[in-house]
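These notes are about the structure you will find just below.
The values are calculated or read from the model by the stated rules, or taken from the named source; none is laboratory data. Since we're looking at a predicted model, the values are computed, not measured. Glycine also receives a Cβ, built like all others from the backbone with ideal geometry; neighbour counts cover every protein chain displayed. All accessible areas refer to the heavy atoms of the entire protein, side chains included, with ligands and DNA or RNA removed. Shrake-Rupley method; radii C 1.70, N 1.55, O 1.52, S 1.80 Å.
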Amino acid sequence: VAAATGLETTLKWPNDVLVPGEDERKLCGILCEVAPTAPLVVVGIGLNVDQDRAELPVATATSLRLCGVPGTAGAVCREALLAALGDALAEVVSAWSSAGDAGLAVQQRYRSLCATLGRPVRVVLPGSGDLVGTAETVDDQGCVVVRGLDGRAHQVAAGDIVHLRHTGSAGAWPPALA
């Protein structure tokens with residue numbers, strides 16, 4: 001997205017692309033699934049390109065148009081965007097397959113772009129409640145490691161992350177949802 005549009009983006013664990021800022025809106029979601037019968041990964045990318053606010057799926061989303069990305073005749077050039085996405089994906093696949101230790105460079109790049117790390121978070125865990133703490137890292141298996149209010153490090157493989165923000169008095173914990 002950055003190569004095609006110049007728009008700064010960050011990542012939210014595990015698979016969202018955000019536009020940074022005070023309201024940190026979701027621009028894109030990425031889903032990957034390993035094919036059960038072949039050494040193949042299917043990648044799906046949902047990118048909000050030309051929607052106005054009323055057309056977006058949720059209130060916390062945005063689109064390239066709403067971010068002011070210039071385009072042709074008021075619309076983003078989808079062909080250039082698709083070509084840039086394809087080029088970027090090819091670079092990641094090449095880096096992953098050529099790295100001597102299972103894609104260390106790709107993992108490091110993900111961590112460097114992940115806005116979740118170092119932040120207070122609430123993890124909505126499948127079927128077992130919430131975990132509140134600070135996201136410390138993404139491990140080599142892709143799990144986010146959250147230091148919970150209990151002081152323990154919790155390895156999370158699946159869950160919905162909510163970035164929390166401090167509100168009210170300085171240092172208040174747990175931070176309020178924003």
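Measuring nothing but how far apart in sequence close Cα pairs (under 8 Å, 6+ apart) lie, relative to its length, the chain scores a relative contact order of 14 percent.
Per-residue SASA remark: Cys114, around 10 Å² accessible (1.4 Å probe; ligands, DNA and RNA not included). When +1 charges are put on Lys and Arg Cβ atoms and -1 charges on Asp and Glu Cβ atoms, the dipole computed for the chain relative to its Cα centre reaches about 320 debye. Charges on Cβ only, +1 for Lys and Arg, -1 for Asp and Glu, centred on the Cα centroid of the chain; of Val19, Pro57, His163, which one is farthest towards the dipole's positive end? Checked the options; the winner is His163. What the phi angles of the stretch 120-132 give under the Karplus curve with 6.51, -1.76 and 1.60, with θ = phi - 60°, is a coupling list of x, 9, 10, 9, 8, 8, x, x, 9, x, 10, 10, 10 Hz, glycine and proline written as x. Taking Glu136, Glu55 and ordering them by how much accessible surface each has at a 1.4 Å probe, largest first, produces Glu55, Glu136. Look at the dipole of the chain built from charges on Cβ: of Gly142, Gly118, Gln107, the Cα furthest out on the positive end belongs to Gly118.
On the protein heavy atoms, probe 1.4 angstrom, tell me the percent of accessible surface of the chain carried by carbon and sulfur.
57
Remark on Glu136: its backbone amide H falls under 5 Å from those of Gly118, Val145, Val146, Arg147, a criterion applied only to residues 5 or more positions apart or on other chains, H modelled at 1.01 Å from N.
A simple rule links phi to the HN-Hα coupling: the Karplus curve 6.51 cos²θ - 1.76 cosθ + 1.60 with θ = phi - 60°, which for the stretch 24-41 gives 6, 8, 7, 9, 7, x, 10, 10, 10, 9, 7, 5, x, 10, 8, x, 9, 10 Hz, with x for Gly and Pro. In this label model, Asp160 and Leu89 are separated by 2.6 nm, measuring between points 7 Å along each Cα→Cβ vector. For the chain, the mean projected area of the C-alpha convex hull, equal to one quarter of the hull surface, is 12.7 nm².
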